[in-house]
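This report refers to the structure that appears directly beneath it.
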Amino acid sequence: MDHAPSQHETGWDVRQRIRRGAWTQPTQGMAPGYVQANLAILPRDLAADFQRFCMLNPRPCPLLATSEPGDPSLPTLGKDIDIRTDIGTYRVWRDGVMTEEVHDIAHLWRDDLVAFLLGCSHSFEEALLADGLRLRHFDEGKAVPVYTTNVPTTPAGPFHGPLVVSMRPFRPAEAIRAIQITSRFPSVHGAPVHIGKPEMIGIHDLAKVDAGGVVSVAEDELPLFWACGVTPQAVVAASKPPFCITHAPGCMLVTDLLNSRLAVF
């Protein structure tokens, strides 16, 4: 395994480390300034329905790029990207069940597979930190907490399932600023979808996460919930397509795009 992430790495640098098997862990904090992306790979006969699902659910599934069937490259996202090797850990799903985690999917690649790359909250987190806001999961050395809600996504074809959210706590004045900042980044989930009162979206215990770590929330803080790119995995579990590949939570494709280019003023 390689050394810890460097603040001077580019997206291309990170992809090379991952491609040679030297990094299989989450990519949070790697290649500062570069856009990271969630992944869903589906057979071509389901691709049109999934693309429509993304269009109908732009908050959890902001579509950054789609590959051509059978083509593992994504030239609009970066130089020499190979989606079969450039994510540290993949999840393989069969009939809605996650059957294995692997570090390379070259042996699973088929001529009919289409890759969908979706915006990731790592991009807006960088903007929050640049504005001086603290992120509790960073301070506590954990992955951001992720929860499955009781809020349904808008279905498309066979695809349906619950919205998944990530949570970051802030004091009220900081929460207002966090909302203002993240609303400028619609291509990476945008503003929160829910503020406070987690029970209203089916989250009854913040200590019971579906992914990520458990973070502390002070009495004078509000939990803010953002739509999360893990939503497609909940949708795959609910919709049960015969075959799908996703990223493992936190293990993103690090692109050559700059986060600063995603801001809407």
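A few notes on this one:
- Residue among Met55, Met30 that alone is outside the structural domain of Pro152 (by the TED database), closer than 26 Å to Val164 by Cα and open to solvent by less than 40 Å² (accessible area, probe 1.4 Å): Met30
- Subset tally (residues that are of a type outside the set (Ser, Thr, Tyr) and open to solvent by less than 50 Å² (accessible area, probe 1.4 Å)) for the stretch 152-167: 8
- Considering only residues in the stretch 81-103 that are over 17 Å from the mean Cα position of the chain (by Cα) and under 15 Å from Trp23 (Cα atoms), the one that is most open to solvent (accessible area, probe 1.4 Å) turns out to be His103.
- A single entry from Val164, Val144, Val151 fulfils the requirement of being over 28 Å from Ala130 (Cβ atoms) and not in a helix (DSSP H, G or I): Val151.
- Failed item in (1) out of contact with any helix residue (DSSP H, G or I) (no Cβ under 7 Å at 6 or more places or on another chain); (2) under 25 Å from Ile105 (Cβ atoms); (3) outside the structural domain of Asp45 (by the TED database), with Val164 passing the rest: (1)
- Reported count of residues in the stretch 174-222, each being open to solvent by 60 Å² or more (accessible area, probe 1.4 Å), assigned to a helix (DSSP H, G or I) and farther than 19 Å from Glu126 by Cα, is 2.
- Answer from Ala143, Ala115, Ala130, Ala106 - the residue that is farther than 19 Å from Ala40 by Cα and open to solvent by less than 60 Å² (accessible area, probe 1.4 Å): Ala143
- Meets criteria (touching a strand residue (DSSP E or B) at 6+ places or on another chain (Cβ under 9 Å) and part of a strand (DSSP E or B)) for Leu133: no
The values are calculated or read from the model by the stated rules, or taken from the named source; none is laboratory data. All values reported here derive from a predicted model rather than from experimental measurement. Methodologically, a virtual Cβ is constructed for each residue, glycine included, from the backbone with ideal geometry; neighbour enumeration extends over all protein chains shown. Protein only, heavy atoms only, side chains kept; ligands, DNA and RNA dropped before computing areas. Shrake-Rupley method; radii C 1.70, N 1.55, O 1.52, S 1.80 Å.
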